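The structure appears below as structure tokens.
Here, each number is a calculation from the coordinates, and none is a lab measurement. This one's a predicted model, so the numbers in the text were calculated from it and none came from an experiment. Here the Cβ positions follow ideal geometry from the backbone for every residue, glycine too, while neighbour counts run over all protein chains shown.
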Amino acid sequence: MRGHLFKELKNDLPASIVVFFVALPLCLGIALASGAPLFSGIIAGIVGGIIVGAASGSSLGVSGPAAGLAVIVLTAITTTFNGSYETFLLAVVLSGLFQLILGFAKAGFIGYFFPSSVIKGMLAGIGVLIIVKQIPHALGTSATQAAITYGAALISLISLSLLILWDKVLTKKHKIFQLIQGPIVVVGLGIVFNYLFQKGILNFTLSENQIVKLPVPENFMAFFSQFTFPNFSAFANPDVYKVGFVIAIIGSLETLLSVEATDKMDPRKNITLPNRELKAQGLGNIISGLLGGLPITQVIVRSSANIAFGAKTKLSTILHGFLLLVSAVTIASTLNMIPLASLAAVLLMVGYKLAKPSLVKEMYQLGWEQFGPFAVTIIAIVATDLLKGISAGIVVSLFFTLRNAFLNSYTMKDITTNENGHELHHLHLAEEVTFFNKPSILKALNAIPERSHVIIDGRNIKAIDYDVVELIKDYKINAKTKGISVETINL
């Protein structure tokens, strides 16, 4: 087993280093966007890499704190639990338990019941909210300081410009720019700017609340003494269960979508068992919550980097978790030189990629059946919250489904004349005929003129509701009063 795990070390080790460089700024940035202690993002990254990486059946998927949950976490901490992070951690533990239950109940198929238009709208809505929430960090403003901090704004502007240049130009020029990821360069540049500010070489300043604050351990044992633990006395709080359930459902959906996308990109075309993945994520969230970490999902950005740089087995994911652990122990003081403006720039790019205009254009071109639920989900998420936004999108999607059922319940052949000179109407029922189809079928039958002959053809039917059968029986009786003869086939 050990030999099997390390058989692709020459490929997995370089890939794990790249994933570490991608994950480090994202772990800190997502914690920032979540309104949680920045250290909680590092914990979630470590657990996602080592624990979930080992338990998962995914060869190349990488788990960690996800931008898709940032809005839920922020709302839960600041509003639902009135700033009590320890109470929120109990909700994370419960979300893990819910995911374990889903996994053992073989509920991995749940992702297929959510329309892709709503899921895309959810991610785009989250992208919009991330952008809105990060603008104050990018400008160095806050609730107590309305004026722009020019040092933070300068770092944000340069960082964003560099990220765009890296993404659109440099990565296409040479593989070195793919190996060294833009976010880690931006973080390094932010550290340099902060040092120049502190030494007075550049005439700008950053306040303490505009810089990363991680606990700096004196040694390895001191590192473990800095973890935060859940408030177990909050078991009586019903909101804990509600938040835990929401995290479990949204996190599971995001994981299952990422699993599907990762498997499609996998050169070896490995298939990840969704139920095992739910169990692995549940285990990860229980441990992350117990240690003070953010909730975890499988994430597509890190998974894509893992595949792009040649990972072959799950060892790459596990090694990147150990690299995060080592960095938190050894270079915490260096990480505390990172300006929040640098992380805000990274998150602004993440938000843009989730809600990019090309996606809106693509969904619009697919027609209102796709664009309607997509747009409503985004608007509702921004105006209310994530759960209400998803619910609104599903309602709109259901409306279009019912509309299609109404319109496609039957086909009517061209009207002909029989040997008696009466009009002949041939109505073919669809394969699936439900009570939603009653209005359209009744409307078609009522439009048939007197003294006609009607054939109601059910040869294509695979399932039909009793309501429709009853409607046809009643029509046959009432049609006699209009001189209409009715013939049924296979009903």
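Summary of values
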{"item": "Pair Ala222, Asp239: separation of 7 Å Cα→Cβ label points (nm)", "result": "3.6"}
{"item": "Value of relative contact order over region 413-491, rounded to a whole percent, pairs C-alpha under 8 Å and six or more apart", "result": "34"}
{"item": "Per DSSP, loop trypsin sites (Lys or Arg not before Pro) in region 76-177 with at most 15 further Cβ within 10 Å", "result": "Lys106, Lys175"}
{"item": "Thr144-Phe109 FRET efficiency (beta carbon distance; Förster radius 51 Å; 0.05 resolution)", "result": "0.55"}
{"item": "Relative contact order computed over the chain (Cα-Cα under 8 Å; 6+ residues apart), in percent", "result": "27"}
{"item": "Length released on extending from Ala54 to Tyr466, taking residue separation times 0.36 nm less the Cα-Cα span", "result": "143.2 nm"}
{"item": "Highest average packing first - 22-29, 153-160, Cβ atoms within 10 Å", "result": "22-29, 153-160"}
{"item": "Sum of -39500 (n - 2.57) over DSSP H runs of 4+, divided by residues of the chain (222 nm, nearest 500)", "result": "-19000 deg cm²/dmol"}
{"item": "Set of aspartates and glutamates near Lys106 by C-alpha distance (under 12 Å), chain-local residues within fewer than 8 positions excluded", "result": "Glu277"}
{"item": "About the Cα centre, charge dipole magnitude for region 410-489 (Lys/Arg +1, Asp/Glu -1 at Cβ), debye", "result": "160"}
{"item": "Within straight-line cross-link reach of Lys175, aspartates and glutamates at Cα separation under 15 Å, skipping those fewer than 8 residues along the same chain", "result": "Asp167"}
{"item": "Qualifying lysines (Cα of each under 16 Å from Cα of Lys10; at least 8 residues distant if same chain)", "result": "Lys312, Lys314"}
{"item": "Neighbour-limited loop hits for GluC sites (Glu not before Pro), region 422-491 (at most 16 other Cβ within 10 Å; DSSP other than H, G, I, E, B)", "result": "Glu431, Glu450"}
{"item": "Cα lying deepest toward the dipole's positive end in the chain, options Val216, Leu139, Phe81, charges on Cβ", "result": "Val216"}
{"item": "Most positive-pole-ward Cα, Ser303, Ala280, Met265, against dipole of region 193-316 from beta carbon charges", "result": "Met265"}
{"item": "Derived scalar couplings ³J(HN,Hα) [region 385-392; Karplus, 6.51 cos²θ - 1.76 cosθ + 1.60; whole Hz; x for Gly, Pro]", "result": "8, 5, 5, 5, x, 5, 4, 5"}
{"item": "Among beta bridges that DSSP assigns inside the chain, antiparallel share in %, nearest 5", "result": "45"}
{"item": "Cα-centre dipole for region 41-197 with unit charges at Cβ (Lys and Arg positive, Asp and Glu negative), debye to 20", "result": "480"}
{"item": "Computed E for Val382/Thr334 - FRET, C-beta separation, R0 25 angstrom, nearest 0.05", "result": "0.10"}
{"item": "Burial ranking of peptide ranges 190-198, 222-230 (average Cβ count within 10 Å, highest at the top)", "result": "190-198, 222-230"}
{"item": "Restricting region 1-94 to chymotrypsin sites (Phe, Trp or Tyr not before Pro) in coil, as DSSP defines it, with at most 14 other Cβ within 10 Å", "result": "Phe6"}
{"item": "Phi to ³J(HN,Hα) by Karplus 6.51 cos²θ - 1.76 cosθ + 1.60 over region 150-160, Hz, x for Gly, Pro", "result": "5, x, 5, 5, 4, 4, 4, 5, 5, 5, 4"}
{"item": "Proximal charge balance of Lys462 [Cβ under 15 Å; K/R count +1, D/E count -1]", "result": "-3"}
{"item": "Contact order relative to length of region 313-410, as percent, for alpha carbon pairs under 8 angstrom and 6 or more apart", "result": "15"}
{"item": "Prolate/oblate/rounded label for the chain (Cα gyration tensor, a/c 1.5)", "result": "prolate"}
{"item": "Sequence-distant residues sharing a close amide H with Phe114 (under 5 Å, placed H)", "result": "none"}
